[in-house]
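**Student:** After the structure tokens below, expect a handful of questions from me.
Just so you know, all these numbers are worked out from the coordinates, no wet-lab data involved. The model shown is predicted, which means the values in this text are computed figures rather than measured ones. Heads up, the Cβs are rebuilt from the backbone with ideal geometry, glycines too, and the neighbour counts pull from every protein chain shown.
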There are 4 protein chains.
Amino acid sequence: MAGNTFGKLFSLTSFGESHGAAIGGVIDGCPSNFELDFNQIQMELNRRRPGQSVYTTQRNEADEVEFLSGIFNGKTTGAPIAFIIKNIDQHSADYDQLSTAFRPSHADFTYHAKYGNYDYRGGGRASARETIARVVAGSIAKQILSKENIYFQAYVQQIGRVKAEKHSNYTTEKIESSPVRCPDEDASKKMMLLIEEITEKGDTLGGIIYCSIKGCPAGLGEPVFGKLQAELAKAMLSINAAKAFEYGSGFAGVELLGSEHNDILNPDFSTKTNHSGGIQGGISNGEEIYFRVAFKPIASLMQNQQTVNKEGHSVTLEGKGRHDVCVVPRAVPIVEAMAALVIIDFWLRWKMYSKK
Amino acid sequence: MAGNTFGKLFSLTSFGESHGAAIGGVIDGCPSNFELDFNQIQMELNRRRPGQSVYTTQRNEADEVEFLSGIFNGKTTGAPIAFIIKNIDQHSADYDQLSTAFRPSHADFTYHAKYGNYDYRGGGRASARETIARVVAGSIAKQILSKENIYFQAYVQQIGRVKAEKHSNYTTEKIESSPVRCPDEDASKKMMLLIEEITEKGDTLGGIIYCSIKGCPAGLGEPVFGKLQAELAKAMLSINAAKAFEYGSGFAGVELLGSEHNDILNPDFSTKTNHSGGIQGGISNGEEIYFRVAFKPIASLMQNQQTVNKEGHSVTLEGKGRHDVCVVPRAVPIVEAMAALVIIDFWLRWKMYSKK
Amino acid sequence: MAGNTFGKLFSLTSFGESHGAAIGGVIDGCPSNFELDFNQIQMELNRRRPGQSVYTTQRNEADEVEFLSGIFNGKTTGAPIAFIIKNIDQHSADYDQLSTAFRPSHADFTYHAKYGNYDYRGGGRASARETIARVVAGSIAKQILSKENIYFQAYVQQIGRVKAEKHSNYTTEKIESSPVRCPDEDASKKMMLLIEEITEKGDTLGGIIYCSIKGCPAGLGEPVFGKLQAELAKAMLSINAAKAFEYGSGFAGVELLGSEHNDILNPDFSTKTNHSGGIQGGISNGEEIYFRVAFKPIASLMQNQQTVNKEGHSVTLEGKGRHDVCVVPRAVPIVEAMAALVIIDFWLRWKMYSKK
Amino acid sequence: MAGNTFGKLFSLTSFGESHGAAIGGVIDGCPSNFELDFNQIQMELNRRRPGQSVYTTQRNEADEVEFLSGIFNGKTTGAPIAFIIKNIDQHSADYDQLSTAFRPSHADFTYHAKYGNYDYRGGGRASARETIARVVAGSIAKQILSKENIYFQAYVQQIGRVKAEKHSNYTTEKIESSPVRCPDEDASKKMMLLIEEITEKGDTLGGIIYCSIKGCPAGLGEPVFGKLQAELAKAMLSINAAKAFEYGSGFAGVELLGSEHNDILNPDFSTKTNHSGGIQGGISNGEEIYFRVAFKPIASLMQNQQTVNKEGHSVTLEGKGRHDVCVVPRAVPIVEAMAALVIIDFWLRWKMYSKK
């Protein structure tokens, strides 16, 4: 209930602060006797970690995961899988001015209002460093689901006003070969130039991530409040800086007529179009599931900003510390991880009740 | 877990099918000794009910709510509040052709895939008639929260391609005086004309609802997975035909720079702008919370459509039955109700832990 | 969280007061396409209902269950199954004196302390009439589990100081042929005489129920906090008037040595003895699961008692109304029902993760 | 759902195996800004730890707790509190023979049936070493509740057939001054002699713990399925080796008449007797809450035993390793910890809804 657990059958309880001893998590409900690929987990963490390219924050963390339980002889035992990633490269001194100032559009004021305290060192619990735990758990979920031929793929579709061309099928190599994870080469170049330009100005950029899930059987999701798209929306809006979610035709679908929007069924129960985004009545229909998530420009600027301190006195906040100008490329593995956590929960449930 | 319960401290368990005996629900965790205004509940149901104007389906249901428990001498007792709304005006014969055909972009195929059966009479459990239960529970939540000066207001901002002018503060009277619940008079007229035109064609229309929540104290919401916007997104995407959710700056915020997007704090901890949509770090900051929800055109057309039956054979589906051409005006009280269910849960939790 | 829901995958949300419109419940997560035997459900209700013999309260309720949803053409659809049992034979006037007095050892004072009100008419929500909902849901669970050859059998082992002989295998017919549900004929007769004697005195009697569950596969239950015995204990202690629970060797096992208590394994993994009560490490081992539940003498006497009213003034409570002298025989189907609700939840989970 | 989380508002997720890297847990929902007494936590761990006296196992673990998150400047922040206790003194080689044998009355066979594997090194997840996490979380709950004048006190009432005299009020010093935590000096001596005698024989002993909770306000607990005694029963039966639970009059209450059992109210709403054990209708009435928990003799013997291996072949299990002859004295702080976890959850909920 306190917000740090996601999932019911396959659940992740996350813990840790940006400048505390460690970030970590506990996965409960993981199927037993599954042989984990630890390199794969580390590879996903590397996609998220800071310092991976000049387009990301220079905080330098190896982000090596250490497993404490739930694994015996390389296989899951069915017991809870606890893991930690130690925090190493902390520059807490950078945050001294923050011990009294509330940073604009950060969680400082709201955490203080809620808890009567806030951890001014890098955002504490509100830091996006917390998403490390999601990537670890998501990577395990992806490994299990890939044996069922269910795959997740996200990429950057927009940064600032630079947009990739209309969606088409890209290889993972194509996406990952772009430092900003945009498979449209032309847009990718423009995005890098834009990041360089905005870095100069000490400002920040938002963007949009497109995610697709292939291979889901028909029947995942629950009716009414437990609709598949409702859980995906929750999962995505729980990511730091996410502001919007749309699946299938999304906002644009509003302007279509029903006769244009309806997905006509083929004799094999596939559909001729996929405005539904692979979900009808809250339940997967076997088509590709796809959605888009919008991220605001992050609030930590390398510019001076006016703000107030705890007493409500006006203070100037200097632009210090090491921050991403645009987090969107690093959010790609996080979007995939959260999608995988949603799907594995429904998939475990589906296995149990499935009529097949 | 099976998807029919929403909320943790103040929870609604919903039941019933479109053409079954009744739609109903059980509210658990409602504060005790609260004097209910039953007229207010019925008034909210009237805003949702079919047949309220020529712009809505002509299925004629009084939708009168009957309470079975949890209320003694007009006050809540703290025990679960069960209620039913009997189904009366059912034309099940209209659905005979559906007992073998899967309607395009409906839940017929996916329910069949999941459950091995589906209720072809008006969509059964997947019917939007289920939202009656949400409106009853939401109305009770709104009554409790209004004593705390927390208010909910939604209206129609777009139907098809007809858009209301930029958001401003409207009175509820202004919104409700429009048959399509659009307070921009000019747009409202155009929307009505559009609905008439599309009705002639036997087609359907989508739209966008804007919702604002005023009066929330700073401190509602949970960190990480339990962010206020994440629960709102889940709540909204759980409504039939909803395709997208954005709060605060939403998709448009992607194109702002951080220096444009940041909401600078005033000495009283209010903010000069509100791109954050009243939520920072997943927790309310005391500003107005606002968001938008997109609805697709509904899938039931008054046109013939090609589809397949359970055996995968091609069949023609005739356009029959009584359906809304555009559900968006009737979805306004549903959006408010779901928002109220989200807020009351966080508000109860806030009361418990609040430092004040 | 508010206490009216039991179970996770197969859940029952119960509602209703003794003297309200109806008692009812909503079952969510019931497997779909299961053909229900409605006579069987009514038969279970008849085992619980008042007025079934001279040894039970003479409140005369047919207790006929009416299903509102979740069933189509006699089969479960997978949607929530809502049901009500209307209250008919209410003598609310009997309770007038209670509107100010707190009955000793009832929930009057504690409900008033918790909710600021209490329903003095027959105990309201605290009445054992609420267990009707448990019997309906339990009966459905039992039907589903009986197809898997899992069976539940409870009987009365003690009333007051009259004890049945040591446990042995009894037929259901033998148990049900005793008006007090005690299969030991000699003890059964003594129990009936005791009830008659205590009825004369306007007093009440407690007792002990023995319950066994046969046919469970090895592997039901969860480790640590979710142990099978922990959920059974919770289920049993949630029944009105239950004071104690023991499984396997129970309290008596304390006096054995480990070498006497250990259940030695046979080559087919069955055990030579069953002090473990069919559960080891919180998980079923395939042997018979058995436990005992103690019930106090109910608190409603046909004698005058001294008590206090809401203002703390001393008042005399007259012995009025229609009450059981000993509820234990009627609690037999309730114990079975709660056991079935525990087992079906674990069984559904087991199906999902089972290695077989 | 997978069994490793306890509590809803104040929850503990536990992880770790006996011979893995560490035992640990994550506490979520702890009130913020609470100043922790770390010595107190360690002191509670010392009450539970092995090697504390000659009457406990000689496995020598300092059991020092290390906090990873949720604490800043000595106070709780409201973020999840993660902690680990490293495993140091492991003699895994002692368990080599177990890699194929199922120990009688252990979890080996049932874990294997459930998970397709089992951790033969000291019981793995099924080891009572897991209860360390409960003691840490319980100690924090006790600290918070002690500020509200709610106190927990447990002691050993019986070991084997040696019983302490009838319950009376003991000081904590009196209890803790006995190496077997039995405040009746005469019984304490007999218990120590009995343990010595049974140690010689390589056998083991069970026992009974009495626990009382003082200072609870009236109003803790939920009706129906969430009764306070139901949650206490679940909590106690989740402890390794626990076989039975009774509260208030318990099994003995069965033999009283209602007129003897009823607790008559005083003008200040206290009761003249307390057969109810401080709970009526599932909700605390402000009187002392008390209950008893029975523990079986543990299954690890220092004798040879016959058993079978995974293939069902008969094997002889040698009595090796370091085990308690009687765990009951060490279970005293665990019983208190679990009671505290139950009460804090209800107390947080009570604060939220309380009418006062």
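**Student:** Counting pairs of alpha carbon atoms under 8 Å apart in space and at least six apart in sequence, what relative contact order in percent does region A:5-353 give? Present the calculation step by step, with values, prior to reporting the outcome.
**Tutor:** Details: 711 pairs, mean separation 77.3, N = 349.
Answer for region A:5-353 is 22 percent.
**Student:** From the label point of A:Asp268, set 7 Å along Cα to the beta carbon, how far off in nm is each other copy's matching point, shortest first?
**Tutor:** The projected label point of A:Asp268 is separated from its counterparts by 4.8, 6.4, 8.0 nm.
**Student:** When the convex hull of the Cα atoms of region C:137-180 is projected onto a plane and the area is averaged over all directions, what value comes out in nm²?
**Tutor:** On the way: hull surface 16.7 nm².
The number I arrive at for region C:137-180 is 4.2 nm².
**Student:** Tell me, what is a quarter of the convex hull surface for the C-alpha atoms of the protein assembly as shown, in nm² with one decimal? Each step should come with its number before you reach the end.
**Tutor:** Numbers: hull surface 191.0 nm².
Mean shadow area of the hull around the Cα atoms is 47.7 nm².
**Student:** Pull up the cross-link candidates among the aspartates and glutamates for B:Lys114, meaning alpha carbon to alpha carbon under 14 Å and not fewer than 8 places away within one chain.
**Tutor:** Counting by Cα, and skipping residues close in sequence, B:Lys114 has these aspartates and glutamates nearby: A:Glu222.
**Student:** Return the Cα extents of chain A along principal axes one, two and three, sorted largest first, each rounded to a whole Å.
**Tutor:** Result, largest extent first: 66, 50, 38 Å.
**Student:** Now, a different point. Give the nm distances, rounded to one decimal, from B:Arg161 to the matching residue in every other copy, measuring between label points 7 Å along Cα toward the beta carbon; shortest first.
**Tutor:** Nearest first, the other copies' label points are 2.4, 9.2, 9.4 nm away.
**Student:** Something else about it: Just subtract the alpha-carbon distance of C:Lys166 and C:Glu185 from 0.36 nm times their residue separation and send over the number in nm, one decimal.
**Tutor:** Working: separation 19, 0.36 × 19 = 6.84 nm, distance 1.28 nm.
Gain on stretching C:Lys166 to C:Glu185: 5.6 nm.
**Student:** Next question. Please enumerate, by chain and number, the aspartates and glutamates with C-alpha under 12 Å from the C-alpha of C:Lys166, excluding those fewer than 8 residues away in the same chain.
**Tutor:** Partners within reach: C:Asp184.
**Student:** Assign unit charges at the C-beta atoms only (+1 for Lys and Arg, -1 for Asp and Glu), then state the dipole size of the protein assembly as shown relative to its Cα centre in Debye, rounded to the nearest 20.
**Tutor:** Numbers: 152 positive and 160 negative charges, 1 e Å.
In total the dipole reaches around 0 debye.
**Student:** Please report, ordered by residue number, every helix of chain C (full DSSP H runs) that is 27 Å or longer along its axis going by C-alpha atoms and whose mean Kyte-Doolittle hydropathy reaches 0.0. Walk me through the numbers on the way to the answer.
**Tutor:** Values: long enough: C:328-353 (38 Å, 0.98).
Sorted by number, the helices that extend far enough and score high enough are C:328-353.
**Student:** Another question, then. Only Cα pairs within less than 10 Å get springs; with that Gaussian network setup on chain B, which residue of B:Ala133, B:Ala241, B:Ala218 has the largest fluctuation?
**Tutor:** Result: B:Ala218 has the largest fluctuation of those listed.
**Student:** What are the distances, in nm and sorted shortest first, from the label point of B:Asp186 to the label points of the same position in each other copy, with each label point placed 7 Å from Cα along the Cα-to-Cβ direction?
**Tutor:** 3.7, 9.8, 9.8
**Student:** Note down the relative contact order for region D:250-331 as a percent, whole number, built from C-alpha pairs under 8 angstrom at least six residues apart. Can you show the working numbers first?
**Tutor:** On the way: 76 pairs, mean separation 13.3, N = 82.
Normalised by residue count, the contact order of region D:250-331 is 16 percent.
**Student:** What is the sum of charges around D:Val135, taking Lys and Arg as +1, Asp and Glu as -1, for the other residues whose C-beta is under 12 Å from the C-beta of D:Val135? Let's see the in-between values first.
**Tutor:** On the way: positive: D:Arg47, D:Arg48, D:Arg49, D:Arg129, D:Arg134, D:Lys142, D:Arg330; negative: D:Glu44, D:Asp63, D:Glu130, D:Glu336.
Within the 12 Å Cβ shell, the charges total +3.
**Student:** Compute the Kirkwood hydrodynamic radius of region A:134-277, taking the inverse of the mean of 1/r over all pairs of distinct Cα atoms, and give it in Å to one decimal.
**Tutor:** In region A:134-277 this quantity evaluates to 17.6 Å.
**Student:** Look at the axis of the rotation that sends chain D onto chain A, then give the chain D residue with the nearest Cβ and the distance in whole Å.
**Tutor:** Value returned for chain D: D:Thr13, 2.
**Student:** Given charges of +1 on the Cβ of Lys and Arg and -1 on the Cβ of Asp and Glu, with all other atoms neutral, how large is the dipole of region A:5-353 about its Cα centre, in debye to the nearest 20?
**Tutor:** Once rounded to the nearest 20, the dipole reads 360 debye.
**Student:** Apply the a/c threshold of 1.5 to the C-alpha gyration tensor of region D:65-155 and tell me whether it is rounded, prolate or oblate. Display every interim value, and only then the final one.
**Tutor:** Working: a/c = 2.83, a/b = 2.12, b/c = 1.34.
Taking the square roots of the gyration eigenvalues as a ≥ b ≥ c, region D:65-155 is prolate.
**Student:** For region B:60-216, just say rounded, prolate or oblate: build the C-alpha gyration tensor, square-root its eigenvalues into a ≥ b ≥ c, call rounded for a/c under 1.5, and beyond that prolate if a/b exceeds b/c, oblate if not. Each step should come with its number before you reach the end.
**Tutor:** Values: a/c = 2.16, a/b = 1.06, b/c = 2.04.
It is oblate, given that a/c is not under 1.5 and a/b is not larger than b/c.
**Student:** Could you tell me the distance between the Cα centroids of region C:181-218 and region A:104-152, to the nearest Å?
**Tutor:** Rounded to whole Å, the Cα centres lie 56 Å apart.
**Student:** Among the aspartates and glutamates, which fall within straight-line cross-link reach of C:Lys75, defined as a Cα-Cα distance under 14 Å, with same-chain neighbours fewer than 8 residues apart omitted?
**Tutor:** Straight-line reach from C:Lys75, under 14 Å: B:Asp119, C:Glu35, C:Asp37.
**Student:** If you don't mind, there's one more thing I want to ask. So what's the back-of-envelope 222 nm ellipticity for the protein assembly as shown, counting only DSSP H runs of four-plus at -39500 (n - 2.57) apiece and dividing by all residues, rounded to 500? List each step's numbers first, then the result.
**Tutor:** Numbers: 32 runs with 388 residues, N = 1424.
Helix contribution divided over all residues of the protein assembly as shown: -8500 deg cm²/dmol.
**Student:** Taking the Cα centre of region C:181-331 as origin, work out the dipole magnitude from +1 charges on Lys and Arg Cβ and -1 charges on Asp and Glu Cβ, in debye rounded to 20. Walk me through the numbers on the way to the answer.
**Tutor:** Working: 15 positive and 19 negative charges, 100 e Å.
The calculated dipole for region C:181-331 is roughly 480 debye.
**Student:** A further question follows. Suppose R0 equals 51 Å. What FRET efficiency, 1/(1 + (r/R0)^6) with r the Cβ-Cβ distance, do C:Asn39 and B:Met43 give to the nearest 0.05?
**Tutor:** 0.70
**Student:** Additional query: Find the Cα radius of gyration of region A:315-356, compare it with 2.2 N^0.38 Å by division, and give the number to two decimals. Present the calculation step by step, with values, prior to reporting the outcome.
**Tutor:** On the way: Rg = 19.6 Å, N = 42, 2.2 N^0.38 = 9.1 Å.
Compactness ratio reported: 2.16.
**Student:** Okay, moving on. Given the pairs A:Lys163/B:Lys272; C:Lys296/D:Lys272; C:Lys272/C:Lys351; A:Lys190/A:Lys214; A:Lys227/C:Lys8; C:Lys214/C:Lys351, which span a C-alpha to C-alpha distance of over 26 angstrom in this model? Mind dumping the intermediate values first?
**Tutor:** Details: A:Lys163/B:Lys272 30 Å; C:Lys296/D:Lys272 18 Å; C:Lys272/C:Lys351 28 Å; A:Lys190/A:Lys214 29 Å; A:Lys227/C:Lys8 17 Å; C:Lys214/C:Lys351 18 Å.
Pairs exceeding 26 Å: A:Lys163/B:Lys272; C:Lys272/C:Lys351; A:Lys190/A:Lys214.
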